[in-house]
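Q: Okay, handing you the structure first.
Just so it is clear, none of the values below were taken in a lab; they were calculated from the coordinates. Everything quoted here is computed from the prediction, not taken from an experiment. Here the Cβ is made from the backbone with ideal geometry for all residues, glycine too, and neighbour counts use every protein chain on show.
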Amino acid sequence: MNKVKEIVNKWYDEMKSSELEIPAKATTILFNILSEYKITDVTEVKDIWSEFLTITGGQFADWYGNLSEKDKAIFHEQRQKAKKTFHSNRSLLKG
């Protein structure tokens, strides 16, 4: 509900700065419509890697196929990061 308030307030401020008059009823209508939706913050980075670690091999193709291009890029980025971390913790045995 806080996101809805934030969006309505931002919209109201933008309309006011554009010198557009907004009837109070319009704000109420917008608030009621937005309240029907689950609104999430798009700036949050989805943890694709954690999702990947919970799927089985047989599910991978469907899971990967359903990712957006942006999510695929994030997945490959996180995969590279995990790969570097894994290899940096390994050492050669000396005998």
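Q: Give the cross-link partners of K25 among the lysines, using a straight C-alpha distance below 27 Å as the criterion and excluding same-chain residues fewer than 8 apart.
A: By straight Cα distance, K25 reaches K3, K5, K10, K16, K38.
Q: Here is a further query. Once fully extended, how much extra length lies between I7 and A61, figured as 0.36 nm per residue of separation less the alpha-carbon to alpha-carbon distance?
A: Full-extension gain reported as 15.8 nm.
Q: Moving on to the next point. Could you give the length gained on full extension between D71 and K38, defined as 0.36 nm per residue of separation minus the Cα-Cα distance, in nm?
A: Taking 0.36 nm per residue and subtracting the Cα distance, the gain is 9.9 nm.
Q: In straight Cα distance, which aspartates and glutamates are under 18 Å from K70, not counting same-chain residues fewer than 8 positions off?
A: Partners within reach: D41, E44, D47, E51, D62.
Q: So for L67, L53, fewest C-beta neighbours within 10 Å to most, what's the order?
A: If I rank by nearby Cβ atoms, fewest first, I get L53, L67.
Q: Let me ask something additional. Using a/c under 1.5 as the rounded threshold, could you call the range 48-88 rounded, prolate or oblate? The axes a ≥ b ≥ c are square roots of the C-alpha gyration tensor eigenvalues, and prolate needs a/b larger than b/c, oblate otherwise.
A: It is oblate, given that a/c is not under 1.5 and a/b is not larger than b/c.
Q: Return the sequence-ordered ³J(HN,Hα) values of the range 74-79 in whole Hz as given by the Karplus equation 6.51 cos²θ - 1.76 cosθ + 1.60 applied to θ = phi - 60°, using x for Gly and Pro.
A: Per-residue couplings from phi come out as 4, 4, 5, 5, 5, 5 Hz.
Q: If neighbour count is taken as other Cβ atoms inside 10 Å, put E14, E19, E51 in order from fewest to most.
A: Going from least to most buried by this count: E19, E14, E51.
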